[in-house]
1. Please give the strands (runs of 3 or more DSSP E) falling wholly within the range 166-213 in which 2 or more residues are over 27 Å from Asn260 (Cα atoms).
2. List the number of the failed condition for Lys152; all other conditions in (1) open to solvent by less than 40 Å² (accessible area, probe 1.4 Å); (2) farther than 30 Å from Trp225 by Cβ; (3) in contact with a Phe, Trp or Tyr (Cβ under 9 Å, 6 or more places away or on another chain) hold.
3. Give just the number: which of (1) surrounded by fewer than 19 Cβ atoms within 10 Å (Cβ to Cβ); (2) in contact with a strand residue (DSSP E or B) (Cβ under 8 Å, 6 or more places away or on another chain) does Val139 not satisfy?
4. Identify all residues within the range 220-260 that are of a type in the set (D, E, K, R) and out of contact with any helix residue (DSSP H, G or I) (no Cβ under 9 Å at 6 or more places or on another chain); write none if there are none.
5. Within the range 216-272, can you find the residues that are open to solvent by 50 Å² or more (accessible area, probe 1.4 Å), of a type in the set (Gly, Ala, Ser) and assigned to a loop (DSSP other than H, G, I, E, B)?
6. Keeping to the range 32-53, report how many residues are open to solvent by 30 Å² or more (accessible area, probe 1.4 Å) and closer than 26 Å to Pro192 by Cβ.
7. Specify which of the listed residues (Glu160, Glu82) is open to solvent by 10 Å² or more (accessible area, probe 1.4 Å), part of a strand (DSSP E or B) and in contact (Cβ under 8 Å) with a residue 24 or more places away in the chain.
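The values are calculated or read from the model by the stated rules, or taken from the named source; none is laboratory data. Just so it is clear, the model here is predicted, and its values are computed rather than measured. Cβ atoms come from the backbone with ideal geometry, glycine included; neighbour counts cover every protein chain shown. With ligands, DNA and RNA removed, areas are computed over all heavy atoms of the protein, side chains included. Shrake-Rupley method; radii C 1.70, N 1.55, O 1.52, S 1.80 Å.
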Amino acid sequence: MARHCRVLREQWVRAKYERQEFMYIEKQEPYSAGYREGFLWKRGRDNGQFLSRRFILSEREGALKYFNKQDAREPKAVMRIETLNATFQPAKIGNPCGLQITYLKDNSTRNIFVYHEDSKEMVDWFNAIRAARFHYHQVAFPGASDTDLIPKLTRSFMKEGYMEKTGPKHTEGFKKRWFTMDDRRLMYFKDPLDAYARGEVFIGSKENSYKVLPGLPPSTQGYHWQHGITIVTPDRKFLFACETEAEQKDWIAAFQRVVNRPMHPQEYAVEAHFKHKP
């Protein structure tokens, strides 16, 4: 919980001492209910405006859905609980209760940015998503203990920030992009609040020929920031540049943590999807 924002800590204290939710099982419904419905302010994909949208989380249907119009019968988006993630992003969204929801659509990450004026309501949505994810994983991994499952419910991003990048030929000029490291997915965006990434890079393990190197190849041209990083994958090299040495060190440390971790079977399937992307 320490990595999450102030609103979560504040609501945890209120839940424990004011509302005494941990003492009375009837007060624990948001933590375990498989269904939740309500309105959240959602950022428009193209215009950046926050508009009120109806959201429904249904564990039975295995999805979180939202509707563009109050009386709409068909949802605008269906987010499978299997790939759903939620993380509080108050600074990025510009609201103390800002929540970033991500899910996979055609094996690409889709971002949805929401908030609610009532911090308890937003934290209840966050906990409902975690509860739905917990029940999904209990079915998917029947032998796993609660201790094994809890880290899988929701995750914070390992690192986010600006870097420069160049294209696959390494002859294009470097462009400034917002990068998000989400487990083994390194995504880059033109704007931090974009709905879709411009591109995604899978970062595997050192046993599978992935490497992280400080600096850029000597022949590299077109970068403005001086602190380079090269990521070597089985298929190609990715070249990035950071504005400061401190940022370079932080990014290298984040990449190295992932590269040093052996891949598990599900990650090989994800890697295969990346390789066969058009």
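1. Numbers: elements: 175-182, 185-189, 199-202.
Here the list reads 175-182.
2. Answer for Lys152: the failing condition is (1).
3. Against the list (1) surrounded by fewer than 19 Cβ atoms within 10 Å (Cβ to Cβ); (2) in contact with a strand residue (DSSP E or B) (Cβ under 8 Å, 6 or more places away or on another chain), Val139 comes up short only on (2).
4. Residues of the range 220-260 of a type in the set (D, E, K, R): 235-237, 243, 245, 247, 249-250, 257.
Answer for the range 220-260, where residues must be of a type in the set (D, E, K, R) and out of contact with any helix residue (DSSP H, G or I) (no Cβ under 9 Å at 6 or more places or on another chain): Arg236, Lys237, Glu243, Glu245, Glu247, Lys249, Asp250, Arg257.
5. Residue satisfying the conditions is Ser219 alone.
6. Quick first cut of the range 32-53, residues open to solvent by 30 Å² or more (accessible area, probe 1.4 Å) only: 32, 35-37, 39, 41, 43, 45-47, 49-53.
Checking which are closer than 26 Å to Pro192 by Cβ leaves us with 39, 41, 43, 45-47, 49-53.
Of the residues in that region, 11 qualify.
7. Exactly one of Glu160, Glu82 is open to solvent by 10 Å² or more (accessible area, probe 1.4 Å), part of a strand (DSSP E or B) and in contact (Cβ under 8 Å) with a residue 24 or more places away in the chain, namely Glu160.
Here's the yes/no breakdown for (1) at pLDDT 95 or above; (2) more than 14 Å from Met181 (Cβ to Cβ); (3) over 21 Å from the mean Cα position of the chain (by Cα):
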position: Cys242; (1), (2), (3): yes, no, yes
position: Phe255; (1), (2), (3): yes, no, no
position: Glu271; (1), (2), (3): no, yes, no
position: Pro278; (1), (2), (3): no, yes, yes
